[in-house]
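Heads up, the thing below is written out as structure tokens.
Since every read-out is calculated from the coordinates, none of them should be taken as a lab result. These numbers were taken from a predicted model, which means no experiment stands behind them. When we count neighbours, we look across all protein chains shown, and the Cβ atoms used for this are built from the backbone with ideal geometry, even at glycine.
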Protein chains: 2
Amino acid sequence: MSAVISPTAAVLIIGDEILSGRTKDTNLNTLARFLTALGIDLKEARTVGDTPDQIIDAVRTLSANHDYLFTTGGIGPTHDDITADCVAEAMGVGLPENDEALAILERRYGDELNDARRRMARIPEGGSLIANPVTDAPGFQIGNVFVMAGVPKIMTAMLDDVAPRLRVGAITHARTLKVEGVGEGDVAELLTAAADANRTLSFGSYPFGHGTVGEYGTQLVVRGRDAATLSAAVEALKEAIEVTLADRGVRVFEVQPEA
Amino acid sequence: MSAVISPTAAVLIIGDEILSGRTKDTNLNTLARFLTALGIDLKEARTVGDTPDQIIDAVRTLSANHDYLFTTGGIGPTHDDITADCVAEAMGVGLPENDEALAILERRYGDELNDARRRMARIPEGGSLIANPVTDAPGFQIGNVFVMAGVPKIMTAMLDDVAPRLRVGAITHARTLKVEGVGEGDVAELLTAAADANRTLSFGSYPFGHGTVGEYGTQLVVRGRDAATLSAAVEALKEAIEVTLADRGVRVFEVQPEA
């Protein structure tokens, strides 16, 4: 969409508990916002179970197709924590005990560092650790793959140690117009014209209220890397809607993106 | 894991707004719970943007690899709503206007049925409609692919019309033990032994509280299709933890799965 080449990324969510519905994933949204703020394009995400073939295949495919791959889940001490094994296999390297990781675990657990916990010191050959300020047991980076915990609080904390390692891109700015009193279908034609006239921008449309009760309408989100182009397009779209749909009592105003 | 063959499923979440972080997806969890309750194994999920190649490729791969594919998003009236086009392309069929869908839209919109809204009457050849009791514009089923809205309230409502079409499997039962006072690493060995002894069951381990403040410990989730086998394994695991970790002041009790 733009002349600026931005890095691309994929996310891999690992865990039976997500696919059974027991746990509602929140890491994808955290990562999406993190990457968007850095100007990195998140292109796709996958969720797989604690199944070696699925994990290995996804790591290979996603790390080959994108500049960065971020995984969450499966790096704890129990038998179903197989992410490190699968990433090592996918990258074709060994999984030896890492001295630095072992030292961290020894400090954390002392006498309680049993065999199960010691598994968390195994890091793929050539990998570097990702600091875990919550429970110490580290994540790791190997090549363009960043392997993080599944517990949201830990995953989020690990991003502090991940961010400085990433090549950032041009930030994508987003502007949101709230269009009240008409439905998505009423603004669709104007939106198509705006999209056709502005090929470096993306235009999204998100209905709210469903037209059934009270306030209803459509939020239009326009995104692009050039702020001036974006601003001109948003103003033009706002005016076009106001003029064209004046007889429908439409109200158009800019709002801050939803938090 | 079991002698009973259960249907498998995949989910495809479609929409730039999920990958930019603007919108937090909730449909995957809704679908995961829906499928689990029907005894259908959700094996994987993917999230892609409003990008034809990505959607077509994912629909082809996931519908070929699983008994069912459920998609959400991209079936509205605007230019970025391209799911029907992509599903038709993936299935190698045309995308004509469907009389039944058109009649529904005519009833809903009357004079306001413009060209943009009329796009929603295009249904892949051979497809059948999925009723939308919220805003009327239907989803559709073609082959083993179920195409639904992205708005969570609408997606959820569409499941009422989807459920009767699915072959159900043996229900997977889940039992949860809450283990207080010790960490994941303390129960890991016992959990591995239990998993080795019960190959038809799955054992998951989910830490809580991180051992930093107040209450902490691990939730153990045991899942399986045979209730008697499951029950025996849960009781045995509970006793093994109580006996082995008695000197650590461990408390083990069964809790209801988290809602």
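Annotations
- Using θ = phi - 60° in the Karplus curve 6.51 cos²θ - 1.76 cosθ + 1.60, the 3J(HN,Hα) couplings for segment B:226-237 round to 9, 5, 5, 4, 4, 4, 4, 5, 5, 4, 5, 5 Hz; x is entered for Gly and Pro.
- The Cα atoms of segment B:5-94 cover 40, 32, 18 Å along the three principal axes, with the biggest extent listed first.
- Using only alpha-carbon positions in segment B:5-46, the gyration tensor eigenvalues give semi-axes of 24, 10, 5 Å once each is multiplied by 5 and square-rooted (largest first).
- Taking each residue as 0.36 nm, the span from A:Glu106 to A:Asp53 lengthens on full extension beyond its C-alpha to C-alpha distance by 15.9 nm.
- Here the protein assembly as shown is treated as a Stokes sphere of Kirkwood radius computed over C-alpha pairs; at 4 °C and 1.567 mPa s its diffusion coefficient rounds to 53 µm²/s.
- For the axis carrying chain B to chain A: nearest C-beta residue of B, whole Å: B:Arg46, 3
- Top positive-direction residue, dipole computed over segment A:176-259 with Cβ charges, set A:Phe203, A:Ala188, A:Ala227: A:Ala227
- If R0 is 45 Å, the Cβ-Cβ spacing of B:Thr61 and B:Ala228 corresponds to a FRET efficiency of close to 0.75.
- Ranked list, fewest to most other Cβ atoms within 10 Å of each Cβ, for B:Glu242, A:Glu44: B:Glu242, A:Glu44
- When +1 charges are put on Lys and Arg Cβ atoms and -1 charges on Asp and Glu Cβ atoms, the dipole computed for the protein assembly as shown relative to its Cα centre reaches about 220 debye.
- Kirkwood Rh in Å, taken over segment B:170-229 so that all alpha-carbon pairs contribute: 12.2
- Label point 7 Å beyond Cα along the C-beta direction, distances from B:Gly92 to other copies (nm, shortest first): 3.5
- Ranking of A:Leu129, B:Leu201 by count of other Cβ atoms within 10 Å, fewest first: A:Leu129, B:Leu201
- Taking every residue in A:112-118 and counting other chain Cβ atoms within 10 Å of its Cβ, the average works out to 4.
- B:Val255/A:Ile171 FRET efficiency (R0 41 Å; Cβ-Cβ; nearest 0.05): 0.35
- Between identical copies, the spacing of B:Glu235 label points, each set 7 Å from Cα toward the C-beta atom, reads 7.6 nm from nearest to farthest.
- The mean sequence separation of alpha-carbon pairs under 8 Å and at least six residues apart, normalised by the residue count of chain B, gives a relative contact order of 18 percent.
- Across identical copies of the chain, A:Ile5 has label-point separations of 4.9 nm, listed in ascending order, with the point defined 7 angstrom from Cα along Cα→Cβ.
- Rounded to whole Hz, the Karplus (6.51, -1.76, 1.60) HN-Hα couplings of segment B:196-202, x for glycine and proline: 5, 7, 9, 6, 8, 10, 10
- For A:Val168, B:Val187, the sequence from fewest to most other C-beta atoms within 10 Å is A:Val168, B:Val187.
- Cα-based radius of gyration of segment A:49-163 once divided by 2.2 N^0.38 Å, which approximates compact folds: 0.99
- Evaluated with a Cβ-only charge set (Lys, Arg +1; Asp, Glu -1), segment B:160-218 carries a dipole of roughly 360 debye about its Cα centre, given to the nearest 20.
- Loop-resident sites, segment B:108-188, for trypsin sites (Lys or Arg not before Pro), counting at most 12 other Cβ within 10 Å (DSSP): B:Arg167
- If R0 equals 60 Å, the separation of the Cβ atoms of A:Asp196 and A:Glu125 corresponds to a calculated FRET efficiency of about 0.70.
- Estimated translational D of chain B in µm²/s (Stokes, Kirkwood radius over Cα pairs; 20 °C; 1.002 mPa s): 103
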